[in-house]
Amino acid sequence: WGFDHRQIYQKALERLRAKIAYEPVGLKLLPEEFSLSELQALYEAILGREIERRNFYPKIQRTGLLDFSREKKSLRGKPMKLYRFNTKRYEELRQKGMYFEII
């Protein structure tokens, strides 16, 4: 049996890109605690393009799906804020028919 791995990959990527519009898939692909820059980098990798930081950060924070967890020292000296995904809030919004578009 020969599999067309490129075709399988393309189909999976298409489905993931489509799912971004109605589900916060990026938040499920990160560790329990993550920074906003890590979340943005993941979305950029999925979409295959850059996202404006000044639009992305406020938009994702307005969803109410992130809870501040703690600060962590970074290599630049400025503390990095880490967040957790609020699954309870997500379920509440999903029940109301939330359209999750942050991009």
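The values are calculated or read from the model by the stated rules, or taken from the named source; none is laboratory data. Note that the structure is predicted; figures quoted are calculated from it, not measured. Positions of Cβ are generated from backbone atoms using ideal geometry, with glycine treated the same way; all protein chains shown enter the neighbour counts. Side chains included, ligands, DNA and RNA excluded: accessible areas come from the protein's heavy atoms. Shrake-Rupley method; radii C 1.70, N 1.55, O 1.52, S 1.80 Å.
See the values below:
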| read-out | value |
| --- | --- |
| Distance in nm between pseudo-label sites at E38 and R94 (7 Å out along the Cβ direction from Cα) | 2.2 nm |
| Approximate spin-label separation K59-R17, in nm, with each point projected 7 Å along Cα-to-Cβ | 1.6 nm |
| Dipole of the chain, positive direction: furthest Cα of L66, I51, P79, with charges on the beta-carbon | P79 |
| Probe 1.4 Å, accessible area per residue of the chain, Å² | 75 Å² |
| Amide H contacts under 5 Å for N86, placed H, 5+ residues apart | L66, D67 |
| Residues with amide H under 5 Å from that of M80, placed H, sequence gap 5 or more | K72, K73, S74 |
| Cα convex hull of the chain - mean projected area over all directions, nm² | 8.6 nm² |
| Phi-based couplings in Hz for segment 33-41 (Karplus 6.51, -1.76, 1.60; Gly and Pro marked x) | 10, 8, 9, 5, 5, 5, 5, 4, 4 |
| 3J(HN,Hα) from dihedral phi, segment 66-77, Karplus parametrisation 6.51/-1.76/1.60, rounded to Hz, x for glycine, proline | 10, 10, 5, 9, 5, 9, 10, 5, 10, 5, 7, x |
| The chain: calculated mean residue ellipticity at 222 nm from DSSP helix runs of at least 4, using -39500 (n - 2.57) | -14000 deg cm²/dmol |
| Derived scalar couplings ³J(HN,Hα) [segment 14-20; Karplus, 6.51 cos²θ - 1.76 cosθ + 1.60; whole Hz; x for Gly, Pro] | 4, 5, 5, 5, 5, 5, 4 |
| Size of charge dipole - the chain - debye, nearest 20, with Cβ of Lys, Arg +1 and Asp, Glu -1, no other charges | 280 debye |
